[in-house]
Amino acid sequence: MNAREAIFAAVGGFSRPAADIAREAAALLDRVPALRPDRVSGDPAEAFLARITGPAIGATATRVASIGEAPAAVRAYLDAEKLPARVALQPHQRLMALDWSGVETRSSIAPDEAAAVLFAPYAVAETGSLVFRSGPDMPVLFAFLPLHCLVVVEAASVTAWLEDCAAIESARPAPRNLNLITGASGTTDIEGALVRGAHGPSSLHVIFVEPSNPQPGTR
């Protein structure tokens, strides 16, 4: 018996009934609520917004009443940061359908891009993370190249727990990349001093749409 065979013999091999595996998986999931930290109470959307703008993550946010107000919020951010009215726009249909008058947009992104606008299909309140699935409408580099990353996320698409993210993704075809982004890029590798933008955006700004998406992860 080789090492691989010994390992599978120890855990029951390939012959274990599927029903037994399902029961054990269900038992593990039943334990989750009691083990979760007390990090989400009340509305998950409000918990997410509080966490992502708190001192640990340090992002900024603007609340808007509808996704149609996102371009104005983007322009206000660019003006406040003294940036040109020019962004790389993720080629997502929810963003491309908006009126971007007054802001120059392009669907490609450069290595030295000053600002990019993204749409997050959902977010996680527990960790303050934005979730991005790679695909034709989400080139991965949009989340990593810009100096300023502006993300539109809808309040009703916020899930409470990290396990909710796993449940959503397990029911869908796997993307080539699934990125959970929690705040701007930062490192303390050199002398313990925090440096922003070392491996990605140095600033993260969330445009938080209050109503909208009825089901998390459906967009």
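Things to note:
- Mean Cβ count within 10 Å, highest first, over the residues of peptides 49-61, 169-181: 49-61, 169-181
- Sorting 108, 41 on solvent-accessible area from highest to lowest, probe radius 1.4 Å, gives 41, 108.
The values are calculated or read from the model by the stated rules, or taken from the named source; none is laboratory data. What you are looking at is a predicted structure, and each value in this text was computed from that prediction instead of being measured. Quick reminder, even Gly has a Cβ in these numbers, built from the backbone with ideal geometry, and neighbours come from all protein chains shown. Ligands, DNA and RNA are stripped out before the accessible areas are found, and what is left, the full protein with its side chains, is counted by its heavy atoms. Shrake-Rupley method; radii C 1.70, N 1.55, O 1.52, S 1.80 Å.
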